[in-house]
Amino acid sequence: MNQAIVDWRERLKTQHSALETHFFATQQTSRLLKDLSLSIDHLLIDIWQKFEINEDICLIAVGGYGRQELFPYSDIDLLILLPDNFKENEQTKVEGLIGALWDIGLNVGHSVRTFSECMDEAERDVTILTNLIEARLIIGPKKLFYIFNTAIHGIINPLTFLEKKLKEQQNRHAKFNDTAYNLEPNLKESPGGLRDLHMALWLAQSQKMGNTWLDLKKNNVINDKELRQIKRHEYHLQTLRVRLHYLARRREDRLLFDFQNELAADFGLVTTPSKRASEQLMHHYYQSVNFISLMNEILLKTFQANLALEQLAKPIDNHFFVQHGLLHANIAHIFQLEPSAILESFLILQQHPEIQGFSADLIRELQRVKKSINHDFRQSSVHKELFLQILSQPNGVNRALRNMNRYGVLGQYIPVFGKVIGQMQHDLFHVYTVDEHTLNVLGNLRRFAKPELAHEFPLCSKLFSNFDKPYLLYLAAIFHDIAKGRGGDHSDLGTIDARRFCKLHGLLKAETELVAWLVQSHLKMSSTAQKCDLSDPEVINYFAEFVQDEYRLTALYLLTVADIRGTSPVVWNAWKAKLLESLYFSSLNVLRAEHSDVSTQIEIRKQEVAKKLASFGLEKASAGPLWEAFGEHYFVRFDSDEIAWQSRLLMPHINATSPIVRARLSPKGDGIQVMIYAKDRNDIFARICHFFDSMHYNIAQAKIFTSKHGYVLDNFIILEQSTKQVSYSGLLKHIETILTQELIDNASLEKPIQGRMNRQVKHMPIKTKVDISTVPHSQYHQLEVIANDRPGLLAEMAQAFLACHIELHNAKINTLGNRVEDCFLITSKQGKKLVSEEIKKLESVFSKL
């Protein structure tokens with residue numbers, strides 16, 4: 001038997017190699033899938049006969065293998081069907097057979113059941129039932145298989161089957177955030193993937209309409225054009241999946257960044273000045289999944305309608321009626337006869353939330369006429385008014401625009417939006433295409449409008465409820481990234497598009513300017529909050545001057561929060577939330593003419609600190625010597641809460657001989673706050689960075705302050721990389737004890753930790769950007785670094801500052817997915833301004849990190 005195993009293994013290897021060679025020579029995907037199935041059939045028959053399995057037992061292919069759609073590295077799903085009078089002494093042979101299949105290198109998914117067990121399991125579990133309705137006999141008694149196959153199809157209750165499969169699909173889609181537009185989608189399981197096509201065919205079988213697309217055409221479920229389109233897009237995804245398997249040399253159905261470039265090359269795609277080859281590959285993919293998602297919806301609604309009980313139609317207006325919860329047209333070709341009915345249909349869905357969606361026929365009609373949404377259609381005053389009505393409704397705005405995008409209407413009505421549908425974003429932190437991200441931003445704005453969700457973002461909900469023209473925010477959301485992928489500054493180009501659209505739709509001049517300003521400035525607030533020192537009154541004054549008034553401040557704040565939350569499920573955190581809130585309220589105080597000059601703000605900060613100290617029974621005068629040693633600029637570098645905390649701890653230790661490290665949970669709820677106070681020396685920042693790096697903590701902010709009497713006061717905000725439950729009291733004590741000892745020991749500075757590079761960074765890297773600019777009216781320069789994130793990067797930067805003899809005064813560490821945008825406030829030695837030679841050296845060193 002050992003030699004037989006070797007022979008079978010070699011035969012399998014030879015067969016697969018020959019089929020792979022033939023595939024790449026002929027490019028015939030369907031032929032490959034069938035030939036792979038047949039080759040496994042023949043091999044299994046030989047092995048079955050070698051084991052002399054009882055002739056009353058059936059070997060049956062199920063699942064994709066049963067459909068004869070076997071992909072190169074997919075599991076081979078088998079059912080060994082036993083008669084109910086099965087004898088236990090055959091069990092050993094069956095077990096030996098299964099072991100041999102694994103030994104020769106087959107990835108087998110198998111079940112061994114009697115006829116009765118199959119019936120019981122199929123009635124209990126719809127997934128098992130689905131697997132079995134695609135059963136195909138490989139070897140065994142045909143009579144038993146016929147009885148089995150007839151019985152399996154006989155237990156299907158079409159309505160129950162449909163309900164359970166719909167629930168199954170909903171759960172599957174939810175695992176992918178209900179979007180087909182992830183940047184690393186699953187070809188099989190993602191919304192719009194191959195499984196959505198299988199779903200339609202399973203339901204067709206349950207209703208006895210056939211098990212092929214041609215059967216559905218013969219039964220008038222789909223038309224000729226749909227048949228051609230389904231086959232084309234199915235073939236495209238199947239070919240992608242085959243090539244992906246061969247490229248990965250394993251069962252891999254995810255279009256990972258690791259493979260997108262090579263797959264693009266396999267398809268003959270080449271990078272152009274405007275688009276990478278991988279972006280072209282994914283654009284074609286998104287076109288296919290968009291169509292498949294659409295057909296999945298049409299077919300599922302068709303199958304639901306087939307089983308629905310008779311119900312009276314409820315008129316809506318002259319154009320539409322509702323039946324079985326879906327919107328139908330009163331007359332055929334309604335959109336061609338009354339073009340305004342296209343936008344009216346979406347407005348009706350908003351005004352009648354009880355309507356679940358469009359009927360299959362209405363969706364088909366939309367597909368037929370969507371190209372008629374042309375220049376003349378967009379110029380119609382009726383259509384412009386209808387679109388603004390959609391944006392101005394109190395409910396259903398997000399649902400309406402998502403449906404308009406899903407059915408191809410939004411991209412036709414706003415042609416520049418149509419250009420970003422399926423547009424990838426290789427910036428290492430957006431995980432969705434531009435259009436999907438845009439709709440996520442819109443959805444986030446709509447969440448602010450719902451009282452039941454006010455607990456998520458209380459401030460945003462309160463501000464939104466008082467914002468009188470939310471449709472202006474929706475327009476800003478639609479246009480904020482609309483110029484991505486064109487080259488040039490997308491904010492500038494998007495502003496032009498937004499202003500043109502607003503003027504075309506007759507918005508007031510002030511409304512148009514607000515939308516245009518929001519698009520132009522949509523990155524400003526996040527950039528200021530995450531890169532600048534918000535305790536510096538000058539920063540706040542500058543930002544307040546930039547936004548000009550409270551209305552624009554509120555609008556920008558709401559758009560910014562919605563935008564950041566819409567990039568990725570992991571980019572938003574409490575740290576970013578608190579930064580933006582702080583910037584909002586600080587700017588609001590300035591705009592309300594409440595203490596805009598720096599000296600007044602410093603005095604107010606001192607009064608706030610005095611109140612906080614008094615709550616601990618401490619007099620303001622007791623902090624006098626410490627504040628004198630720190631100087632007036634101390635009140636610019638830190639906020640009142642930080643100053644009160646530091647003053648309480650450091651008043652008795654102005655001239656401490658050993659480093660003092662104290663840690664606490666940040667009172668703002670944005671991580672752990674760590675204070676380090678010690679005699680100044682040039683390597684402290686580098687040592688602290690290495691320490692936190694070794695603990696696998698992210699540094700979000702570092703304030704570095706040097707007193708007049710030669711001491712350094714550093715304040716760090718650190719964030720956990722994981723959500724594991726920890727004992728914070730023990731953790732804080734650990735930080736204080738170990739970091740203090742490391743600063744005292746003063747051992748040789750270790751090299752930064754090196755870790756594995758993220759897959760996305762490896763295959764879709766961004767070029768490091770280094771920008772050094774002067775800070776007006778000061779001796780400071782600002783160094784901004786945009787780079788691929790990796791373990792140990794900040795520690796490397798800290799050591800680079802040390803090697804270049806640079807003094808660091810503030811650091812804002814901003815991690816966006818796998819991309820870092822770090823900002824440092826720096827000077828030369830002894831606080832002197834950098835000279836050109838030092839700037840050139842820094843640019844050279846940091847560009848190589």
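Couple of notes before you dig in:
- Length released on extending from Glu538 to Tyr146, taking residue separation times 0.36 nm less the Cα-Cα span: 132.8 nm
- Of all DSSP beta bridges in the chain, antiparallel share, percent nearest 5: 85
- Extending 7 Å from Cα along the Cβ direction at Asn374 and again at Asp125 yields two label points whose distance is 5.6 nm.
- Computed extension gain for Gln393 through Glu511, at 0.36 nm per residue and net of the alpha carbon distance, reaches 40.7 nm.
- With the helix formula -39500 (n - 2.57) applied to DSSP H stretches of n ≥ 4, the chain reaches a computed 222 nm mean residue ellipticity of -17000 deg cm²/dmol.
- Per residue, the accessible area of the stretch 210-322 comes to 49 Å² when a 1.4 Å probe rolls over the protein heavy atoms.
- Accessible area per residue (1.4 Å probe, heavy atoms of protein chains only) ranks Asp536, Asp563 as Asp536, Asp563, with the largest value leading.
- Helix axis angle, 142-154 relative to the chain longest principal axis, alpha carbon, degrees: 60
- Antiparallel DSSP beta bridges within the stretch 27-163, as percent of all bridges there, nearest 5: 50
- Each Lys and Arg adds +1 at its Cβ and each Asp and Glu adds -1 at its Cβ; summed about the Cα centre, the stretch 327-422 shows a dipole of about 420 debye.
- Gyration tensor over the Cα atoms of the stretch 439-551: the corresponding equivalent ellipsoid has semi-axes (square roots of 5 times the eigenvalues, largest first) of 23, 21, 15 Å.
- In this structure the stretch 453-507 gives 42 Å² per residue of accessible area when probed at 1.4 Å with all protein chains present.
- In this rough spin-label picture, where each label sits 7 Å from Cα along the Cβ direction, the Leu247-Leu649 distance is 5.1 nm.
- Taking only the Cα atoms of the stretch 747-849, the radius of gyration and Dmax are 14.1, 43 Å.
- Taking every protein chain into account, the 1.4 Å probe leaves Arg31 with about 120 Å² of accessible area, to the nearest ten.
- Restricting the stretch 747-849 to trypsin sites (Lys or Arg not before Pro) in coil, as DSSP defines it, with at most 15 other Cβ within 10 Å: Arg756, Lys767, Lys832, Lys833, Lys848
- Each 10 Å bin, from zero up to the one with the longest distance, holds this percent of the alpha carbon pairs of the stretch 109-191: 15, 38, 27, 16, 3.
- Two-decimal Rg/Rh across the stretch 138-257, once Rg and the Kirkwood Rh are taken from alpha-carbon atoms: 1.03
- Cα-derived Rg over Rh, computed across the stretch 557-646 with Rh taken as Kirkwood radius: 1.09
- Sparse-neighbourhood loop sites, GluC sites (Glu not before Pro) in the stretch 282-351 - DSSP loop, at most 11 other Cβ within 10 angstrom: Glu310
- Divide the volume of the convex hull around the Cα atoms of the stretch 204-289 by the residue count and you get 113 Å³ per residue.
- Checking every one of the trypsin sites (Lys or Arg not before Pro) in the stretch 89-175 against DSSP loop status and a limit of 11 other Cβ atoms within 10 Å picks out Lys175.
- Apportionment of accessible area to carbon and sulfur, the stretch 145-280, percent (1.4 Å): 50
- Of all accessible heavy-atom area on the stretch 451-503, the percent that carbon and sulfur account for (1.4 Å): 57
- In this structure, Ser778 and Asp468 have a Cβ-Cβ separation that, at R0 = 35 Å, corresponds to a calculated FRET efficiency of about 0.30.
- The share of accessible area on the stretch 10-59 that comes from carbon and sulfur is 49 percent, using a 1.4 angstrom probe.
- Backbone geometry of the stretch 207-214 corresponds, through the Karplus equation with coefficients 6.51, -1.76 and 1.60 at θ = phi - 60°, to 3J(HN,Hα) couplings of 9, 6, 10, x, 10, 9, 5, 5 Hz, x marking Gly and Pro.
- Relative to the longest principal axis of the Cα atoms of the chain, the long axis of helix 434-448 makes an angle of roughly 70 degrees.
- Over the stretch 557-703, accessible surface divided per residue gives 40 Å², non-protein components excluded, 1.4 Å probe.
- Debye log10 I(q)/I(0) at q = 0.17, 0.19, 0.20 Å⁻¹ for the stretch 625-681, Cα point scatterers: -0.59, -0.74, -0.82
- Shape call, the stretch 206-245: gyration tensor on alpha carbons, a/c limit 1.5: oblate
- Violating pairs (Cα-Cα greater than 27 angstrom) within the set Lys143/Lys208; Lys484/Lys576; Lys188/Lys762; Lys231/Lys314; Lys703/Lys751; Lys668/Lys769: Lys231/Lys314; Lys668/Lys769
- Full-extension gain in nm, Ala174 to Lys611, via 0.36 nm per residue minus C-alpha separation: 152.3 nm
- When only alpha carbons are used to place a centre, the stretch 1-69 and the stretch 810-843 end up 62 Å from one another.
- Nearest 10 degrees, 0 to 90: helix 550-565 Cα axis against the chain principal axis: 50
- With all protein chains modelled, accessible area of Leu649 [1.4 Å, Å²]: 50
- For the chain, the spread of Cα positions along the three principal axes, ordered from largest to smallest, is 99, 76, 53 Å.
- Base-10 log of normalised Debye intensity for the stretch 275-377 (one unit scatterer per alpha-carbon) at q = 0.12 Å⁻¹: -0.49
- In this simple spin-label approximation, Val270 and Lys13 carry label points 7 Å from Cα along the Cα→Cβ vector, and these lie 3.8 nm apart.
- Built amide H within the under 5 Å cut-off of Phe320, gap 5+: Asn330
- For the stretch 453-469 versus the stretch 619-650, the inter-centroid distance based on Cα atoms is 36 Å.
The values are calculated or read from the model by the stated rules, or taken from the named source; none is laboratory data. All values reported here derive from a predicted model rather than from experimental measurement. Virtual Cβ from ideal backbone geometry, glycine too; neighbours counted across all protein chains shown. Only protein heavy atoms, including side chains, enter the accessible area calculation; ligands, DNA and RNA are left aside. Shrake-Rupley method; radii C 1.70, N 1.55, O 1.52, S 1.80 Å.
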